[in-house]
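These notes concern the structure reproduced below.
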Amino acid sequence: MSNDTTQWMPVELTGKTAVVCGASQGIGLATAQHLAGLGARVILMARNKGKLEIALATLSEPSRHDYAVADFSDSSLVKTAIQSIVEREPVHILVNNTGGPAGGPITEAKPDAFIKTFEQHLICNQLLAQAVLPGMKTAGYGRIINVISTSVKQPLAGLGVSNTVRGAVASWAKTWANEVGPSGITVNNVLPGATNTSRLDEIVHSKAEKTGQSAADIRSQMASAVPLKRTGEPEEVARAIAFLASPSANYISGINLPVDGGRTLSL
């Protein structure tokens, strides 16, 4: 094996264009900021124009970047938004990231909740991936990275609808990885554990209301369940996404990567 260090590929994205979904806050925003810092042109996508404008201003060299407004509860809007992007320029990196559904036991879930969540996650992912695929093939470079959940390895209590649909997205991604691999395109899933975002706030407050415990106690319990004894930060998930988006991850595809401090019990 050669020791020539020039063969090492950097985590650097100059010349690449990335579309980051759910980019107005949380993991999506942290990812957009990190990819921009590595040299990529980033197009933020989310439903709230005002929040997108604020998010855009936080990126390095904001004038290099752009945003597209799309509500992921309506897949037709997402399709229109991504088509307008790919008509202007090729997309090399797609980060599928959408907020999870309301919690609750699966025994009480309404059929509409599954349908709505399936459209918001899997159908929107499909439309986005199909739209960017031709440009990735032409460029000979493509990264599709899906932010899902550790529930694809170990179902999480009280998140029945989410557990179900996240698992479907993981299988969808593995199938895509198998089909687009010959074109030099990788497809991977990043599985955040308990991460300090507004989504975690919602889960904490919901549990507090149901159990009568304080939010602080629930957060402490969540942290104690993690071998590293803390919850994660959006930036830590963003770094994993950035690595998978980079040339350094050329030979990594079809995997589920937990970023959870070791909390998931399965291998």
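Every number in this text was worked out from the coordinates using simple rules, so none of it is lab data. Quick caveat, the model's predicted, so the values are computed rather than measured. Cβ sites come from the backbone with ideal geometry, for glycine too, and all protein chains shown count toward neighbours.
So what is the diffusion coefficient of region 13-116 in µm² per second by Stokes-Einstein at 20 °C and 1.002 mPa s, using a Kirkwood Rh over Cα pairs? Mind dumping the intermediate values first?
On the way: Rh = 14.4 Å.
Roughly 149 µm²/s, to the nearest whole number.
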query: Distance from the Cα centre of region 24-79 to that of region 199-224, in angstrom?
result: 29 Å
- request: Rounded to whole Å and sorted largest first, list the principal axis extents of the Cα atoms in region 113-196.
  value: 43, 24, 24
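Ranked by Cβ crowding within 10 angstrom, fewest neighbours first, how are Trp176, Trp8 ordered?
Working: Trp176 22, Trp8 7.
Sorted ascending by nearby Cβ count, the order is Trp8, Trp176.
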message: As I understand it, the value is the acute angle between the Cα axis of helix 234-245 and the longest principal axis of the Cα atoms of the chain; what does it come to in degrees, rounded to 10?
response: 40 degrees
- prompt: In percent, what relative contact order does region 1-158 have, based on Cα pairs under 8 Å that are 6 or more apart in sequence?
  reply: 22 percent
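If packing is taken as the mean number of other Cβ atoms within 10 Å per residue, what is the order of 32-43, 179-190, highest first? Walk me through the numbers on the way to the answer.
Values: 32-43: 23.5, 179-190: 18.8.
Result, highest mean first: 32-43, 179-190.
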- request: With only alpha-carbon atoms counted, please give the Rg and Dmax of region 228-267, in Å.
  value: 11.7, 32
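For a 23 Å ceiling on Cα separation, which of these pairs sit above it: Lys51/Lys207; Lys49/Lys110; Lys110/Lys207? Before the final figure, lay out each step's value.
Working: Lys51/Lys207 28 Å; Lys49/Lys110 31 Å; Lys110/Lys207 20 Å.
Over 23 Å apart, Cα to Cα: Lys51/Lys207; Lys49/Lys110.
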query: Among residues other than Leu200 whose Cβ falls under 14 Å from its Cβ, what is the net charge (Lys/Arg +1, Asp/Glu -1)?
result: 0
- prompt: Any idea how far apart Ser60 and Thr138 come out in nm if each label point goes 7 Å out from Cα toward Cβ?
  reply: 2.8 nm
- request: Please express the shape of region 109-267 as an equivalent ellipsoid: the semi-axes are the square roots of 5 times the eigenvalues of the C-alpha gyration tensor, given largest first in whole angstrom.
  value: 31, 19, 12
- line: Of the listed pairs Lys153/Lys174; Lys16/Lys137; Lys16/Lys79, those with alpha carbons more than 19 Å apart are Lys16/Lys79
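Just the number, please: Stokes-Einstein D of the chain in µm²/s, Kirkwood Rh from C-alpha pairs, 20 °C, 1.002 mPa s.
Working: Rh = 18.9 Å.
Calculated translational D: 113 µm²/s.
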field: Residue order, fewest to most beta carbons within 10 Å, for Ile255, Ile115
entry: Ile115, Ile255
query: Of the peptides 96-108, 51-63, how do they stack up when ordered by the mean number of other Cβ atoms within 10 Å, highest first?
result: 96-108, 51-63
